[in-house]
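Structure, as structure tokens:
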Amino acid sequence: MRWEGLFADLEGQLAAEERRELDDEVAERTRRERALVTLCARLEAAVGGDVRLGLLDGRRVNGDLEDLGDGWLLVRGRVGGRELLVPTASVVTVTALASHAEPGRPARRFGLGYALRALSRDRATVAVSLVGGGAAVVGTIDAVGADHLDVAEHAEGVPRRRENVTAVTTLPFGAVVAVEARR
């Protein structure tokens, strides 16, 4: 009888050790897999859902993540429903993002410049928020270069005509926090 109890105890210890080893292996694989997940992949999984962003200028943006691409996010704000084109480099925090990345719609391959060119082509009035805060640059995007854009400044609600333009300002992409379409 004593041997049976001893063997049962040894068998239980062996099974418990195997469970601990398996749990450790699963935990290590999970950590390795998470280490390969990019922020872009997690944002791709969030397209169509709610995001809360903290931006370089201290502003908080709450809205629906409508689209994303190489270096940019498109968020429709909760207040007013305006769309914001946000360079990912301007994002300081993302709140309430799922910890995993389920396959979602893949990010668009085109970059920030391409997205800005679409706004330029539409001749939409925009408000460009800049690093460091201060007043936004309001006007129409005249041209988009490889790493900068030119904004013809004019009053909101006034068409972009030579007589309405007060200045043409060149903005490096690195200075842009967000571009709000004011259509």
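Here, each number is a calculation from the coordinates, and none is a lab measurement. Owing to the predicted nature of the structure, the values given are computational and were not obtained by experimental measurement. With ideal geometry, Cβ positions are generated from the backbone for all residues, glycine too; neighbour counts draw on all protein chains shown.
State the answer as a single residue: which of L43, G113, G12 lies farthest towards the positive end of the charge dipole of the chain, with beta carbon charges of +1 for Lys and Arg and -1 for Asp and Glu, about the Cα centre.
Result: G113.
Can you tell me which of G71, G145, G12 moves the most in a GNM of the chain? Springs connect C-alpha atoms under 10 Å apart.
Judging by the Gaussian network model, the answer is G12.
Using helices alone, I'd like the mean residue ellipticity at 222 nm for the chain: each DSSP H run of four-plus residues gives -39500 (n - 2.57), total over residue count, nearest 500. List each step's numbers first, then the result.
Details: 3 runs with 53 residues, N = 183.
Helices in the chain give a 222 nm mean residue ellipticity of -10000 deg cm²/dmol.
(1) 39, 36, 30; (2) 104, 30, 27; (3) 57, 36, 27: which one is Cα extents along the principal axes in Å as calculated from this entry?
Label (2) holds the value from this structure.
Once you have the Cα-Cα distance between A16 and D147, take 0.36 nm times their residue separation minus that, and quote the gain in nm to one decimal.
Gain on stretching A16 to D147: 41.3 nm.
If you place +1 on the Cβ of every Lys and Arg, -1 on the Cβ of every Asp and Glu, and leave all else neutral, what size is the dipole of the chain about its Cα centre, to the nearest 20 Debye?
Dipole magnitude for the chain comes out near 1180 debye.
If r is the Cβ-Cβ distance from T93 to V26 and R0 is 25 Å, what FRET efficiency results, to the nearest 0.05?
Between T93 and V26 the formula returns 0.25.
May I ask which residue of N164, V126, V94 lies farthest towards the positive end of the charge dipole of the chain, with charges of +1 (Lys, Arg) and -1 (Asp, Glu) on Cβ and the Cα centre as origin?
Farthest towards the positive pole: N164.
So for the pair R123, V158, with labels modelled 7 Å out along Cα→Cβ, what separation do we get in nm?
1.7 nm
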